[in-house]
1. If R0 is 25 Å, what FRET efficiency do you get for Leu260 and Gln38 from their C-beta distance, rounded to 0.05?
2. How many percent of the alpha carbon pairs in the stretch 114-208 exceed a separation of 19 Å?
3. Can you list the equivalent-ellipsoid semi-axes of the stretch 172-325, largest first and in whole Å, using the square root of 5 times each Cα gyration tensor eigenvalue?
4. State the answer as a single residue: which of Ala235, Ser288, Gln310 lies farthest towards the positive end of the charge dipole of the stretch 171-325, with beta carbon charges of +1 for Lys and Arg and -1 for Asp and Glu, about the Cα centre.
5. Amide H of His197: which non-local residues (sequence gap of 5 or more, or other chain) have their own amide H closer than 5 Å, using H built in the peptide plane?
6. Among Leu41, Leu61, rank each residue by its count of other Cβ atoms within 10 Å, from fewest to most, as a rough exposure measure.
7. How would Val227, Val193 line up from fewest to most surrounding beta-carbon atoms within 10 angstrom?
8. Multiplying the sequence separation of Glu48 and Glu128 by 0.36 nm and subtracting their Cα-Cα distance, what value in nm do you get?
Amino acid sequence: MHKEARSAGGVVIADSTHSHTEHNRNVVLFPKTLDYYQVELTSMLETERYREAMEMLQFLLQCQGQDERQLEEWESLLGWLQTTFPEATYSQQTMSQTESEPEETPDNEQVMRDKVRLKQAEDRQYEEKLLKTAMELPVSERTLLALEQLSYLEQPQIDEQIVDWLQQDGQLHPLIQFRVLQTLRRRGHRGNVHYMHRNERVDVDVETVPLDPTEFPLSFIQILERVSDKAEISAPNLFYFAQELWSQFIMSIFGTQDYLYISRGDDAEIDVWAAALHQTVAETLEGSSDEEETRTLYGVTDSIRFRYEQAYRALQQFVSGQIPR
């Protein structure tokens, strides 16, 4: 879970968890992202990934955007984990002291596969129950856990049921659609699937679905590099927030026309998305921002302004949660 894609310039597109640096206190969490982290945290606890849960809690406690009650709950949970699972705390401290050494951890995938097989042996209806849990709306903390467990069921007919669900349920959040696609890829599903992403029909080759941030096209990292270059002196806190937004956004648009445009790596496309990302984050943090100044900063000329406005609108929709559920 704790994997990152680094470019030569040091820019990071983080997965659903983050490294914990002194800069985290400058990160402000979107309400939608806060909900997403809560689901991820619950999944970690239910799958007994206590060290990862501690790392996420430490990251969240350094961020802004949550109320006092939420902070107290996280502090209490972190304290309980550190007291109850001291071996995980020790492992975490050891890793931070020896970052250059390879991480020695058990094969989590095999552990999970064994757990699922054991549950199947104990309950003949386990497969059916798991599918039902995954497909229940609204999305809860159990959804991602069920999707992860579905990856390890060997019955081939499950693929067809998952694809049917993806195609028929027009209310799925795009981030959940992406998780469903990841589940299909982990199951070894081959071929294309199509489904509706908002009002756009999307056709995806399952074998191209990224399981890790390093599998996204280089152009997605180059956009963050561009924002880093422009913001590191004048507004460093803007960049840390941009990382979080961008990592969530690119998963939510996978397979769409916007995703394909960005994947081409065209310089103009990188400029407009970097400018749109910068402007969106600046407005969120500061309440307002000089859009003309931002466009000039990124070299967005009149000839590509329309494309910039499209990119900006897509990011605004994601931030404001204007996604059917």
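1. 0.20
2. 37
3. The three semi-axes for the stretch 172-325 are 28, 15, 15 Å.
4. Projecting each Cα onto the dipole axis, the largest value belongs to Gln310.
5. Val202
6. Final ranking by Cβ density, sparse to dense: Leu61, Leu41.
7. The most exposed by this proxy come first: Val193, Val227.
8. Taking Glu48 through Glu128 to full extension adds about 26.5 nm, to one decimal.
Every read-out reported here was derived from the displayed coordinates using simple, explicitly stated rules and does not represent laboratory data. From a predicted model like this one, the values you see are computed outputs, not experimental measurements. Cβ atoms come from the backbone with ideal geometry, glycine included; neighbour counts cover every protein chain shown.
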